Amino acid sequence: MTPLLLRSLFSFTLCAALVFPGAVTAQAPAASTTVCTDCGVVKSVRRVEQKGQASGVGAVAGGVLGGVIGHQFGSGRGNTAATIAGAGAGAYAGHQVEKSRNKRMYWSVQVRMDNGTTRQYSFNNKPEFREGDRVKSLDEGRRLALVAN
């Protein structure tokens, strides 16, 4: 294009903008709405106590200790009965103690994600969020953080 033609075109556009102010407008870029793919709402926070498993070591140790203590009582057949009763009671007590030592307590948090799925998270300590709080999953799902609404 020639410089004269370019100047004429520019002048025409400028005049059109002055005469018809609404005719020549620049369109604002559309507002971008970012969707958080790792965000959701806390549905429940509850404390869970998982019963411990016993390996049998507690029962054996309790049985031996109970038998030794039971053997201290009585004489003759009474001594034998006391040893057997002590071993049985000791085995039961040792089994229960082992289960009690191996129990696990943790906090379970259920989150309804924005995409409709539900995720479950476990924490050793009580989490700082409650039901209804908006959270974001971090570190590939290993942590949760509060998000401003």
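The values are calculated or read from the model by the stated rules, or taken from the named source; none is laboratory data. Small disclaimer: the values here were computed from a predicted structure and weren't measured. Ligands, DNA and RNA are stripped out before the accessible areas are found, and what is left, the full protein with its side chains, is counted by its heavy atoms. Shrake-Rupley method; radii C 1.70, N 1.55, O 1.52, S 1.80 Å.
Using a 1.4 Å probe over the heavy atoms of the protein chains, calculate the carbon and sulfur portion of the accessible area of the range 34-112 as a whole percent.
Solvent-exposed carbon and sulfur of the range 34-112 make up 59 percent of the total.
Report the gain in length on full extension from Glu131 to Arg47: 0.36 nm times residue separation, minus Cα-Cα distance, nm rounded to one decimal.
Separation in residues times 0.36 nm, less the Cα-Cα distance, equals 28.9 nm.
Please give the length that would be gained between Ile84 and Gln72 if that part of the chain were fully extended, namely 0.36 nm times their separation in residues minus their C-alpha to C-alpha distance (nm, one decimal).
3.1 nm
Using a cut-off of 20 Å between alpha-carbon atoms, which lysines can reach Lys43, once sequence neighbours fewer than 8 places away in the same chain are excluded?
Partners within reach: Lys126, Lys136.
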